[in-house]
Amino acid sequence: MPLRQKERMGVTMPAARTATKKTPSMKKQTVATPTMVAIIGAGRGGTALMEIFAQDPLVQIVGIAEVNAKAPGVKLARRLAIPVMRNYHDLLALENVDLIIDVSGNPAVEKSLEDFHRMGVTIIGGASAKFMWQLIEARIRATAEIEKTLTKYQSLYRLYVKEAGAAVTEERTRIACEIHDGLVQSLAGVNFKLDLCEQLMLKDPHACQATVRQTRTELKLAIQEARQVIFNLRPLHYDQLELIPALTNYLKSYETQSHIKTEFTVTGDEKTMPPRTKIFLFRILQEALSNVEKHAKADLVTVHLAIGRDTLTVTVTDNGIGFDVEAISRNPEKWDHFGLRGIVDRARLVGGQAKIESKKGRGTRVVMHVPLKKEAVRNGSN
């Protein structure tokens, strides 16, 4: 078999040429020079080859031959400052060519290249060239998919960091308000009553006893408020992370403080839920119920957890005044003010989605779906 025919059947790139460079110490060292490549065809194959070769310092594309001016690779070649020729014979006439790759799929071109002979020039065409650009195209697609996935998780990580910081600030503010408006005021009242008892102790013993009883009642309320603050700081028992008992206690306290009747139902077993999901879910429900208390003017709110094998569905429904979801979603300030962004973003952080449904005069419903299996795999170490 002639040497040229053997070269055409191979797919191995010719080795980069080397040049000798003299240093001040007169020592010789070899410096690699790029392989000069010419590509015939600017369709999918030519485009894939240009995309990968353009990033390789050991390859230089000296020209592209394409008869179709609208071929996808023509625009890319011009952006990369690669000469574009309509006639592939102009490529063959170039002197600084080490490798010619034919991805045109044109039998006439392939036949012509079989008769082309030049010392030091390798030709790849036909099935070998097609296999080469298909591998390269697959690599490009895989790289793009990896970059897309990385971008997605980088976005979620930034969101997680932002949410974590905002959540800490929000919780500190809320707890400070609870202590100031509730516990501190109660203790101040107890202190005042004790001062009064001291004054009445000798003047009016009966009034003093009545004041002591009132003080005792107020002190019990202060203790209860202190316990509630502690519970809000640590709602789940971290040794067992039991979500259902924690939610039950929270809803009882919520009903007492907000004067909004609550109904809580559960289907399924919470043991299938990862710990991280439980914690985020509790915070999401806190956010949703807080929104009901602040904005809904409701007197009834229902919470339903449906824990399936693969998916967790949470539904929070109130009978309040409702609102125009579409109008609010177009206004970032109101979207944040209503606490809706926090619900949606927190749901995303556990791989789920939250949907808000509401109409004026018809109440509001928040529905969240979280894939349990994916979350369990991601948090398997928990």
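Considering the stretch 256-299 alone, what residues qualify as being in a helix (DSSP H, G or I), among the hydroxyl-bearing types (Ser, Thr, Tyr) and surrounded by fewer than 17 Cβ atoms within 10 Å (Cβ to Cβ)?
Thr256, Thr272, Ser290
Restricting the stretch 40-49 to residues that are assigned to a helix (DSSP H, G or I) and either touching a residue at least 60 places away in the same chain (Cβ under 8 Å) or over 32 Å from the mean Cα position of the chain (by Cα) (or both), which is surrounded by the most Cβ atoms within 10 Å (Cβ to Cβ)? Walk me through how you get there before you give the answer.
Taking the stretch 40-49 and keeping what is assigned to a helix (DSSP H, G or I), we get 44-49.
Then keep just the ones that are either touching a residue at least 60 places away in the same chain (Cβ under 8 Å) or over 32 Å from the mean Cα position of the chain (by Cα) (or both); that gives 44-46, 48-49.
Working: Arg44: 16, Gly45: 24, Gly46: 28, Ala48: 22, Leu49: 25.
This residue is Gly46.
Which of the residues belonging to the stretch 87-110 are part of a strand (DSSP E or B) and among the acidic types (Asp, Glu)? Working first, answer last.
Going through the stretch 87-110, the residues part of a strand (DSSP E or B) turn out to be 99-102.
Once the filter is applied, which keeps residues that are part of a strand (DSSP E or B) and among the acidic types (Asp, Glu), the stretch 87-110 yields only Asp102.
If you go through the stretch 69-81 one residue at a time, do you hit one that is within 13 Å of Ile40 (Cα to Cα), in the same structural domain as Ala38 (by TED's automatic domain parsing) and in a loop (DSSP other than H, G, I, E, B)?
yes
Quick one: would you say Arg346 is surrounded by fewer than 17 Cβ atoms within 10 Å (Cβ to Cβ) and either at pLDDT below 90 or not in a helix (DSSP H, G or I) (or both)?
Values: surrounded by fewer than 17 Cβ atoms within 10 Å (Cβ to Cβ): no; either at pLDDT below 90 or not in a helix (DSSP H, G or I) (or both): yes.
No; evaluated as a whole, the condition is false for this residue.
Which of the residues spanning the stretch 338-365 are free of Cβ contacts under 8 Å to residues at least 40 places away in the same chain and hydrophobic (A, V, I, L, M, F, W, C)? Outline the logic, then answer.
Initial filter on the stretch 338-365 (free of Cβ contacts under 8 Å to residues at least 40 places away in the same chain): 341, 344, 351, 353, 355-360.
Val344, Ile356 - these are the residues of the stretch 338-365 that are free of Cβ contacts under 8 Å to residues at least 40 places away in the same chain and hydrophobic (A, V, I, L, M, F, W, C).
The values are calculated or read from the model by the stated rules, or taken from the named source; none is laboratory data. If you're wondering where the values come from, they're calculated on a predicted model, not measured in any experiment. Positions of Cβ are generated from backbone atoms using ideal geometry, with glycine treated the same way; all protein chains shown enter the neighbour counts.
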